[in-house]
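To start, the structure under review is shown below, and the notes come after it.
The values are calculated or read from the model by the stated rules, or taken from the named source; none is laboratory data. All of these numbers come straight from a predicted model, not from anything done at the bench. Neighbour counts are summed over all protein chains in view; Cβ atoms, including those assigned to glycine, are modelled from backbone coordinates with ideal geometry.
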Amino acid sequence: MKLPISLFLAVKYLKPKRSMVSFITILTMCGIMLGVAILIVVLSVMTGFDDVHKEHMIKLDSHIQISARGNSPFIPDRVLDVLAEMPEVKAAAPAVEGFVMMTRYGQAVTAVLRGIDPELERGISDIASYLVEGELPLDEETVVVGDRLAMQLGASVGDTLTVYSPQCFVSEDELRMPAELTVVGLFSVDMYEIDSQFMISSLPTARDVFAMEDGVETLRLVTDDPFTVAETGRKIEEKLGEAAAHDSNLNWFRFLTTRSWMDIHQSMLSTLAVEKNMMFLLLCAISVVAAFCVSINLINMGIQKTHEIGLLKAVGFSSGKIVGIFLFLGTVQGVFGCLLGSALGIWFSNNLDSVLNFLRRFNPDLMSAEFYQFSNMPSRTTPEDVFSVCLIVMVFSIVAGILPAIRAAAMQPVDALRYE
């Protein structure tokens with residue numbers, strides 16, 4: 001198959017020879033390769049961090065939470081009957097949750113106390129797997145505390161915490177005494193936001209702390225797909241609405257609302273997305289530098305090939321074909337740079353821990369696992385990230401050839417051959 005003449009000449013100019021042009025071309029491709037590889041590695045690590053954080057959010061929290069407006073308590077039995085008819089809902093567990101203030105040795109710390117049913121909770125989250133000290137099950141007047149929260153309080157297993165709920169301060173008629181809860185375990189999910197703010201007790205203990213006689217504040221659900229919770233949440237609300245329409249005793253269903261784990265952790269998810277996008281935009285500057293190298297290389301090549309360009313135009317080559325040569329030159333360099341950079345970036349991402357372990361021989365504190373709270377550096381390369389990186393770099397490479405192409409096409413044969 002015959003190649004277009006512009007592409008044929010572009011490949012001919014790029015063919016390695018003992019000349020400065022070929023050496024600069026190789027260096028230019030290396031620059032593109034490194035830019036693509038760095039972008040892929042950074043995006044893979046950011047995606048890996050996103051995956052780990054989302055996994056912890058889903059495991060500890062639940063996929064969907066059902067609560068009444070104003071966080072009013074409700075009896076969950078009839079709601080559970082409706083949810084049992086939905087195949088999308090795999091498990092459900094009641095909970096009582098609210099803010100509390102704890103004091104120890106004169107120090108006051110605020111936290112979130114969540115009361116659970118340990119038996120039903122097993123279908124939602126495996127708290128026992130996150131324990132770093134102590135053990136379950138939860139008994140009356142006991143609590144499991146996040147390890148960083150315990151560190152702030154200077155508490156450990158066996159210590160007693162004085163816990164104040166908002167109800168201790170809002171009543172004008174009576175004085176409500178704080179609860180004395182014994183720490184029976186410490187947990188860690190490797191997320192500072194949770195480890196420093198959460199404590200877990202049994203349902204009766206939480207009801208006693210928040211002065212609730214009966215009922216729960218939320219129902220926590222696990223669905224068949226945590227990433228389709230928006231659609232599942234709408235179905236749950238429709239089912240509850242239908243049940244309320246058929247039974248007047250269930251009119252209070254209309255006051256129930258659903259929130260997905262994405263809604264609950266929206267601020268953190270938004271932060272992670274902004275960090276990834278900003279890192280991508282900043283590192284695109286590397287590709288812009290590589291594009292400048294392509295442009296400089298093509299300008300130098302145009303100077304080196306002035307005589308040949310003059311001969312081509314003298315024998316009838318159109319300006320469009322001359323432009324095509326330089327655009328093909330930028331495209332070919334971009335293609336080879338992207339292919340090599342993609343291979344290098346994917347390999348580096350897949351072997352990131354091995355590379356870090358090798359570099360730690362020279363710097364033991366490099367990206368310490370204790371600081372990042374991960375035994376292995378999370379990394380996941382997606383086809384979408386690789387495609388977007390290669391597409392952007394290819395656009396930069398092609399655009400980089402426009403100025404040299406226009407300069408070469410504007411060259412007059414008489415000027416090009418004047419000194420030959």
### Message
Just the residues that are farther than 22 Å from ASP139 by Cα and under 27 Å from the mean Cα position of the chain (by Cα), please, taken from the stretch 75-124.
### Response
GLU88, VAL89, LYS90, ALA91
### Message
Take the residues in the stretch 186-223 that are under 19 Å from ILE264 (Cβ atoms) and of a type in the set (D, E, K, R); name whichever of them is modelled with the highest pLDDT.
### Response
ARG220
### Query
Looking at the stretch 14-31, is at least one residue at pLDDT 85 or above, β-branched (Val, Ile, Thr) and over 30 Å from SER188 (Cα atoms)?
no
### Query
Is at least one residue of the stretch 86-100 surrounded by 16 or more Cβ atoms within 10 Å (Cβ to Cβ), assigned by TED's automatic domain parsing to the domain that holds SER196, assigned to a helix (DSSP H, G or I) and not acidic (Asp, Glu)?
no
### Query
Restricting the search to the stretch 304-323, which residues are within 15 Å of LEU403 (Cβ to Cβ) and modelled with pLDDT of 75 or more?
ILE322, VAL323
### Query
Restricting the stretch 123-135 to residues that are surrounded by fewer than 18 Cβ atoms within 10 Å (Cβ to Cβ) and hydrophobic (A, V, I, L, M, F, W, C), which is modelled with the lowest pLDDT?
ALA128
### Task
Assess whether MET57 counts as being touching a Cys at 6+ places or on another chain (Cβ under 9 Å) and either over 15 Å from THR258 (Cα atoms) or hydroxyl-bearing (Ser, Thr, Tyr) (or both).
no
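Could you tell me which of the residues LEU34, LEU39 is in contact with a Cys (Cβ under 8 Å, 6 or more places away or on another chain), within 30 Å of VAL395 (Cα to Cα), assigned to a helix (DSSP H, G or I) and in contact (Cβ under 8 Å) with a residue 12 or more places away in the chain? Even if it seems obvious, please write down each step before you answer.
Details: LEU34 fails: in contact with a Cys (Cβ under 8 Å, 6 or more places away or on another chain).
It is LEU39.
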### Summary
Flagged in the stretch 182-233 as of a type in the set (D, E, K, R), under 20 Å from PHE253 (Cβ atoms) and touching a residue at least 12 places away in the same chain (Cβ under 8 Å), in numbering order, are ASP214, GLU217, ARG220
### Task
Test SER44 against the criterion of being crowded, with 19+ Cβ neighbours inside 10 Å and farther than 30 Å from PHE292 by Cα, and give yes or no.
no
### Query
So which helices (runs of 4 or more DSSP H) stay within the stretch 220-335 end to end and still have 3 or more residues that are in the same structural domain as PRO73 (by TED's automatic domain parsing), in contact with an Asp or Glu (Cβ under 8 Å, 6 or more places away or on another chain) and closer than 30 Å to GLY123 by Cβ?
229-246
### Query
Which residues, counting only those in the stretch 69-81, are more than 12 Å from VAL96 (Cα to Cα) and buried (at least 18 other Cβ atoms within 10 Å of the Cβ)?
VAL79
